[in-house]
Amino acid sequence: MQPATPPNTPLPSRRLTLWPWLIVALALLFAGGIRLRLLHVPLERDEGEYAYLGQLLLQGIPPYELLYTMKLPGTGLMYLLGMAVFGQTTAGIHLTLLAANSLTIIFVFLLGRRLAGPLAGALAAFAYAVMSISPAVVGLAAHATHFVVLFAVPATWLLLKATGEKRAWTLFASGVLFGLAFLMKQPGLCFGLFALVFLAWQTRRHRGVFSASFLRTLLIFGTGLALPLVLTCFALAAAGDFSRFWFWTFSYARHYETTLTWQQGLHEHLLEHLRQNRDLSLASWLLALAGLLAGSQVRRLRSATNFLLGFWLFSFLGTAAGLYFRGHYFILLLPAFAILLGLAVVACRELMPAKFLPDVLRSLPIIAYGLILSWMVFYYAPLYFQWPVEQVGQQLYRENPFAEAVAAASLIEQHSAPDARVAVIGSEPEIYFYARRHSATGYIYTYPLMESQPYALVMQHEMAQEIEAVRPEFLVRVPYPLSWLPQPGASQFLTDWCTAYVTNFYDRVGTVGFAPGRGLVTSWGPDTTNTPALTGEYLTIFQRRPGADAQQKTPAVR
């Protein structure tokens with residue numbers, strides 16, 4: 001029971017209790033306004049994969065039946081929910097991201113406030129809002145990592161509440177949210193591991209890790225953590241897709257995650273990412289480091305600083321999946337990073353004694369924070385506020401056929417029945433989503449087929465066999481290098497097969513590409529043979545030749 005308020009003690013001003021929420025509201029308006037302006041930027045291929053999966057789920061088709069992926073189905077389910085509310089469009093998907101990002105900003109505030117007070121929480125929320133839209137982390141695309149932190153941050157907040165209030169249901173709910181973070185993408189497991197380590201550490205300080213109390217805590221939390229995956233496995237087993245799910249998300253994923261050596265990962269990926277973004281992020285790294293040092297010196301912030309250090313380390317572990325260190329992986333690091341920036345301001349101010357330092361000097365930490373975030377916004381200001389949507393897409397996704405995919409899918413949709421099947425020879429699943437047509441093969445990516453892994457050649461043959469069995473009405477050939485990324489020694493069976501198969505059974509009916517001075521150019525029908533001078537690669541659309549089914553009596557693949 002709380003003590004009564006002394007008679008002559010003034011009640012806290014409502015304005016003083018609301019100001020942190022005003023900063024959070026500004027953060028939501030800032031990030032949301034930019035996302036709203038850029039709603040119609042074309043989907044990139046990961047977004048296309050999740051969008052196509054969500055579209056199939058809306059049609060009652062289970063995961064891994066018409067789409068093979070090493071990713072867990074959680075993000076596809078989030079796309080399903082978003083498209084059910086906002087529509088099966090590019091804008092609908094980006095509105096889903098806007099909603100997820102806004103919720104994460106709010107929970108970053110709540111977590112930061114619980115750790116270091118309302119000022120730290122509010123500053124962390126604004127920092128996260130700015131950093132999470134940055135092209136440096138591919139923040140404008142609805143990647144799975146956005147949905148991982150959507151669950152991991154409130155899970156961490158509930159974890160702290162559970163350890164402070166000793167409530168079993170709060171602990172169980174925290175475990176469920178950590179389990180959902182894992183279901184969004186495998187690296188989300190790192191947050192659940194952090195929670196287990198934190199619970200063991202807390203128990204060691206009080207009763208010991210072999211106590212009955214800890215075993216009870218572990219059972220409650222572990223049940224919640226495992227529940228989303230267990231239910232997913234049961235649902236996929238009931239749908240008859242469990243074996244394919246297990247192969248892609250665990251067996252093949254294990255080979256994918258162990259392809260790179262430590263030297264390749266650290267030098268060619270991590271250090272290269274840091275080098276490319278040093279002008280943008282160096283000052284923020286220094287302020288975060290100052291937060292760790294200053295927080296360890298402030299008595300009331302010491303435990304929060306230690307907690308944040310562990311949270312940051314396990315978040316970084318998530319970015320290291322497979323040692324690829326791709327830009328969007330670093331979204332996993334942003335909540336811990338943003339709270340560290342808020343902590344840095346609060347801790348540095350508390351280390352400066354008010355009696356001996358003027359207010360101007362004590363304001364330096366928050367001024368440094370403001371300058372760092374202002375530089376992050378200024379760095380991308382033309383993209384955020386000035387460039388038209390078409391130019392933004394071209395700048396973000398250079399050498400990728402994402403604008404071309406929109407046009408190619410539109411041509412297919414216009415010239416085919418809703419039940420027509422399509423095969424994309426390349427890694428552009430967004431074409432299936434835009435065209436609202438089913439794939440003729442589950443291999444929506446050709447990346448796995450071009451890797452140095454034991455299943456690659458078998459996968460190439462299976463893709464060819466599936467296409468031959470379905471005999472799709474349209475086939476789209478994607479020659480862009482970034483849609484293939486062949487590794488040294490990769491078999492050329494699939495490309496050779498495709499050339500022969502198209503020659504025997506298909507006619508070229510459409511092309512989509514960029515022409516000098518003319519922008520995006522599409523052609524369809526008889527004029528396709530007189531394709532204008534297109535710069536670099538372009539998409540080619542083939543239609544099954546009349547009478548080809550009678551000619552294809554036996555499969556060409558052996």
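Remarks
- For beta carbons closer than 6 Å, sequence separation of 6+ or different chains, a first residue in region 413-427 that is under 19 Å from residue 537 (Cα atoms) and a second that is of a type in the set (Gly, Ala, Ser) and in a loop (DSSP other than H, G, I, E, B), the qualifying pairs are 423/440.
- Residues located in region 522-545, provided they are out of contact with any Ser or Thr (no Cβ under 8 Å at 6 or more places or on another chain) and at pLDDT 90 or above: 524, 542, 543, 544, 545
- Counted as qualifying within region 242-285 are the helices (runs of 4 or more DSSP H) with 1 or more residues that are under 15 Å from residue 137 (Cβ atoms) and not β-branched (Val, Ile, Thr), namely 271-276.
- The single residue among 239, 212 that is in contact (Cβ under 8 Å) with a residue 12 or more places away in the chain and not assigned by TED's automatic domain parsing to the domain that holds residue 454 turns out to be 239.
- Screening 185, 161 for residues that are more than 20 Å from the chain's Cα centre (by Cα) and surrounded by fewer than 24 Cβ atoms within 10 Å (Cβ to Cβ) leaves exactly one candidate, 161.
- Residue, modelled with the lowest pLDDT, within region 267-287, restricted to residues that are under 21 Å from the mean Cα position of the chain (by Cα) and more than 27 Å from residue 342 (Cα to Cα): 269
- For region 63-94, taking the residues that are among the aliphatic types (A, V, I, L, M) and more than 18 Å from the chain's Cα centre (by Cα), the one that is farthest from residue 470 (Cα to Cα) is identified as 85.
- Checked against the criteria, residue 226 does not count as over 23 Å from the mean Cα position of the chain (by Cα), more than 16 Å from residue 170 (Cβ to Cβ) and either hydrophobic (A, V, I, L, M, F, W, C) or buried (at least 18 other Cβ atoms within 10 Å of the Cβ) (or both).
- Checked against the criterion of being surrounded by fewer than 24 Cβ atoms within 10 Å (Cβ to Cβ) and not in a loop (DSSP other than H, G, I, E, B), the candidates 82, 54, 92 yield just one match: 92.
- Restricting region 503-514 to residues that are over 18 Å from residue 410 (Cβ atoms) and of a type outside the set (Phe, Trp, Tyr), the residue that is surrounded by the fewest Cβ atoms within 10 Å (Cβ to Cβ) is 503.
- Meets criteria (crowded, with 23+ Cβ neighbours inside 10 Å and more than 30 Å from residue 55 (Cα to Cα)) for residue 112: yes
- Checklist (1) in contact with a His (Cβ under 7 Å, 6 or more places away or on another chain); (2) over 27 Å from residue 342 (Cβ atoms) applied to residue 92, failing item: (1)
- Being among the hydroxyl-bearing types (Ser, Thr, Tyr), surrounded by fewer than 20 Cβ atoms within 10 Å (Cβ to Cβ) and either modelled with pLDDT of 95 or more or outside the structural domain of residue 246 (by TED's automatic domain parsing) (or both) holds for only one residue in 5, 75, and it is 5.
- Only one entry of 445, 434 meets the criterion of being of a type in the set (Ser, Thr, Tyr), in contact with a helix residue (DSSP H, G or I) (Cβ under 9 Å, 6 or more places away or on another chain), crowded, with 19+ Cβ neighbours inside 10 Å and in a helix (DSSP H, G or I), and that entry is 434.
- Selection status of residue 392, surrounded by fewer than 23 Cβ atoms within 10 Å (Cβ to Cβ) and not assigned by TED's automatic domain parsing to the domain that holds residue 479: yes
The values are calculated or read from the model by the stated rules, or taken from the named source; none is laboratory data. Model, not experiment: these values are computed from the prediction. Cβ: placed from backbone, ideal geometry, glycine included. Neighbour counts: every protein chain shown.
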